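Okay, so here's the structure we're looking at.
Values quoted throughout were computed directly from the atomic coordinates according to the rules given, and no laboratory measurement underlies them. The model shown is predicted, which means the values in this text are computed figures rather than measured ones. Please note: Cβ atoms are built from the backbone with ideal geometry, for glycine as well, and neighbour counts cover all protein chains shown.
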2 protein chains.
Amino acid sequence: MRIGELAGLIGISTRAVRHYHHLGLLPEPERRANGYRDYGLRDAVALARVRRLTELGLGLDEVRDVLADDAGRELHEVLDELDADLARQEEEIRGRRARLAAVRRQAAEHGGLPAEGPVSDELAALFAEMARTSAARPGPEPAVASKEREVLALLESMGGEEGNKRMVELLGEATAAPGAMERAYEVYGLLDALVDAGTDDPRVAEAARALADCIPDSMIAEVSAEDWARAAGPGAETDGGFLAAYYAHFAPAQARAVRRAIQLVAERAR
Amino acid sequence: MRIGELAGLIGISTRAVRHYHHLGLLPEPERRANGYRDYGLRDAVALARVRRLTELGLGLDEVRDVLADDAGRELHEVLDELDADLARQEEEIRGRRARLAAVRRQAAEHGGLPAEGPVSDELAALFAEMARTSAARPGPEPAVASKEREVLALLESMGGEEGNKRMVELLGEATAAPGAMERAYEVYGLLDALVDAGTDDPRVAEAARALADCIPDSMIAEVSAEDWARAAGPGAETDGGFLAAYYAHFAPAQARAVRRAIQLVAERAR
DNA sequence: GCTTGACCTTGCCGCAGCGGCAACGTTTCT
DNA sequence: AGAAACGTTGCCGCTGCGGCAAGGTCAAGC
């Protein structure tokens with residue numbers, strides 16, 4: 001047989017056959033006078049065995065090892081490992097499909113993936129409420145409000161399924177109280193004014209007080225007192241986690257005010 | 001944020017982030033004076049979205065398309081396609097695991113993968129019977145016998161689950177008859193003597209007759225008369241399938257004898 | 001000031017399992 | 001004689017980054 005006949009017999013490409021030669025999976029057969037490889041049925045048997053193994057999902061080098069080691073002991077190991085690997089892959093795909101189904105459902109309801117804004121309906125409602133409030137107020141929207149939306153969107157997309165959902169829920173309740181969103185925008189205004197201020201500006205303390213007053217007890221209770229304290233603690237800027245990014249997100253005086261507000265909240269939490 | 005902070009926040013490597021920049025999945029942020037990339041929370045949001053999509057199993061270019069097209073129509077398509085693809089993969093893995101389980105069972109029973117010989121126990125038994133018969137006969141084993149084993153091993157490993165299994169079964173029955181294997185070895189001897197003969201050697205016809213006499217009616221009935229005729233027909237050598245390889249496997253006079261035998265069988269089959 | 005270590009920058013190679021293509025020789029059919 | 005269908009070797013391409021090179025930058029400790 002020539003290579004094409006062999007390949008056709010087994011149902012594989014000639015490239016694959018040559019590849020197997022190259023990797024040493026299949027011994028090179030005799031050559032004919034013209035240089036063509038000349039295969040016999042024993043080569044076909046060998047190739048069929050190689051292919052059976054590769055189709056099981058073994059890597060080519062694993063196949064080579066299995067074929068080389070006639071020990072058969074290693075085979076057992078390899079097969080066990082392979083099965084575990086396949087089981088893992090199967091689970092992973094199942095999980096992906098589950099998540100994908102959720103995304104598809106949401107995309108269908110929503111008419112598309114959340115583009116740059118909110119992910120959940122609750123957050124979308126919250127943003128809409130913000131937009132209404134802002135439109136009812138004079139002047140442009142404070143930049144801090146838009147930053148706040150970014151933070152919320154990030155928190156929600158960052159994964160912590162349960163905690164963040166609950167957070168958004170509480171936030172929705174809190175801003176649903178009459179006048180709450182207006183008060184929040186007052187605070188945004190105070191913070192916005194600090195964009196170019198020094199960190200020792202007297203308005204910092206004022207903004208911090210106002211911000212802390214906006215946080216309802218229900219949200220304070222949701223987080224442990226230690227966590228509140230940590231959030232305002234000295235290491236927060238440099239812990240490399242979310243808080244560091246959060247503080248870095250604001251101008252220095254704004255960050256100072258936010259931090260002071262969290263300190264006040266932490267005191268209330270005790 | 002610098003790139004490491006961003007990456008840590010989302011839970012990804014800096015390499016991946018840069019890779020996403022390179023592929024245009026994530027816009028390049030402003031640079032600081034020292035050339036470092038400077039990220040804000042909005043970048044984190046964008047990155048989180050990219051990552052959610054990639055973790056669903058979308059390719060990076062698909063993610064880019066989805067993010068670029070705010071149409072959302074294409075998204076639906078892509079997600080459908082992805083789900084179908086994942087379903088296919090899941091099925092494939094399931095099939096592989098099933099086949100793998102069979103191989104593992106066999107390997108455990110057998111103390112290793114069939115090394116170069118038979119695959120099934122039935123074929124192993126047949127080969128053992130051949131070895132016994134050969135040992136009881138004077139002189140070395142005819143080369144044709146070994147070639148025959150190759151053919152059988154190939155047939156069995158080539159896949160056609162049902163048909164080949166039945167073939168081996170019938171072969172087992174046929175050779176279990178008293179004296180059958182001895183008669184087969186007589187024929188092997190006749191064929192072996194033809195290795196250097198011309199195709200018009202008178203012994204060809206004799207060997208063909210003897211070989212045809214070895215084939216029991218049960219095997220003849222298993223294959224349709226047309227298939228027998230085709231197997232001995234003029235196109236068999238060049239059809240590129242198994243028969244071509246089979247005939248090429250023998251010396252010319254041997255092949256001629258085998259073919260003549262099949263012709264005789266085909267006549268009996270009618 | 002100097003080192004050390006942890007960052008950052010760009011850029012190119014490697015990975016699995018071949019497919020594609022180049023650039024060429026052989027066989028076979030017409 | 002020419003075309004079609006084979007064969008040969010060899011190198012590049014694909015995915016989603018990781019590794020490594022060969023630096024520049026920054027903060028901390030001596």
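Placing one equal scatterer on every Cα of the stretch B:8-85 and applying the Debye formula, the log10 ratio I(q)/I(0) at q = 0.15, 0.20, 0.24 Å⁻¹ is -0.55, -0.90, -1.18.
Between the Cα long axis of helix A:161-176 and the first principal axis of chain A there is an angle of about 30°, rounded to the nearest 10.
What longest region of chain B stays clear of GluC sites (Glu not before Pro) that DSSP places outside H, G, I, E and B and that have at most 15 other Cβ atoms within 10 Å? Longest gap between qualifying sites, sites excluded: B:117-270. If you take the alpha carbon atoms of the protein assembly as shown and fit the smallest convex hull around them, that volume is 226 Å³ per residue. At an R0 of 35 angstrom, the distance between the Cβ atoms of B:ARG94 and B:HIS19 translates into a FRET efficiency of 0.60. Label 7 Å along Cα→Cβ of B:GLU267; the stretch B:211-229 residues with amide nitrogen under 16 Å? In the stretch B:211-229, the label zone of B:GLU267 (backbone N under 16 Å from the point 7 Å along Cα→Cβ) covers B:211-215, B:228-229.
Per q in 0.11, 0.12, 0.17 1/Å, what log10 I(q)/I(0) does a Debye calculation on the alpha-carbon atoms of chain B return? Taking Cα atoms of chain B as identical point scatterers yields -0.73, -0.80, -1.32. In this assembly of identical copies, the label point of A:ARG209 (Cα plus 7 Å along Cα-to-Cβ) is separated from its counterparts by 12.3 nm, sorted shortest first.
Per-residue 3J(HN,Hα) values for the stretch A:199-215, derived from phi via the Karplus relation 6.51 cos²θ - 1.76 cosθ + 1.60 with θ = phi - 60°, read 6, 9, 4, x, 6, 4, 4, 5, 4, 4, 4, 4, 5, 4, 5, 6, 7 Hz in sequence order (x marks Gly and Pro). Within the same chain, aspartates and glutamates fewer than 8 places from B:LYS165 are excluded, and of the rest, those with a Cα less than 15 Å from its Cα are B:ASP121, B:GLU122, B:GLU156, B:GLU173, B:GLU222. Across the stretch A:151-157, computed HN-Hα scalar couplings (Karplus, 6.51 cos²θ - 1.76 cosθ + 1.60, θ = phi - 60°) run 4, 5, 4, 5, 3, 6, 7 Hz from first to last residue, x flagging Gly and Pro.
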